[in-house]
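*Asks:* This structure is in structure tokens; I'll ask about it shortly.
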Amino acid sequence: MIYFISALALILIGSYAVLVKRNLIKIVIGLAIVDSGVHLLFIAVGYLKDGTAPIFSKAGLTPEKMVDPVPQALVLTAIVIGLAVTAVALGVVIRLYEQHKTLDVKKIRALKW
């Protein structure tokens, strides 16, 4: 239960940063926090107390005691993708700062008009 609460807290904190903050770096950090919250949520869904990996086969081990490896594999893939997205977003932020000397979203949005 604590994993679901922690995941929800991370998602809410990251969403707050994305929706309220005006600095692009803080927005990218907020997206990374939301990403971490989603990863924790996936792992919490696949968690099984006193479960074991399905590759270990002991005599008398029932399928109910085996942990599903699919959420773990999905999270490993999502971590790599999230890292790449964060790196690209930070690269875009750096280029915006080099071009316009500001990281304020409202000032950057006003530049197109």
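The values are calculated or read from the model by the stated rules, or taken from the named source; none is laboratory data. These numbers come from a predicted model, not from an experiment. FYI the Cβ positions are ideal-geometry reconstructions off the backbone, even for glycines, and counts take in every protein chain you see.
*Asks:* LEU96 versus (1) surrounded by fewer than 15 Cβ atoms within 10 Å (Cβ to Cβ); (2) more than 21 Å from ILE5 (Cα to Cα); (3) at pLDDT below 95: which is the lone unmet condition?
*Replies:* So LEU96 meets the others, but not (1).
*Asks:* Sort out which residues of region 1-38 are of a type in the set (S, T, N, Q) and not in a helix (DSSP H, G or I), and write them in order of number.
*Replies:* ASN23
*Asks:* Quickly run through region 27-54 and pick out the residues that are more than 14 Å from ALA9 (Cβ to Cβ), of a type in the set (Gly, Ala, Ser) and touching a Gly at 6+ places or on another chain (Cβ under 9 Å).
*Replies:* ALA32
*Asks:* On to the next question. On the given criteria, is THR77 free of Cβ contacts under 8 Å to residues at least 12 places away in the same chain, part of a helix (DSSP H, G or I) and hydroxyl-bearing (Ser, Thr, Tyr)?
*Replies:* Judged against the criteria, THR77 is a match.
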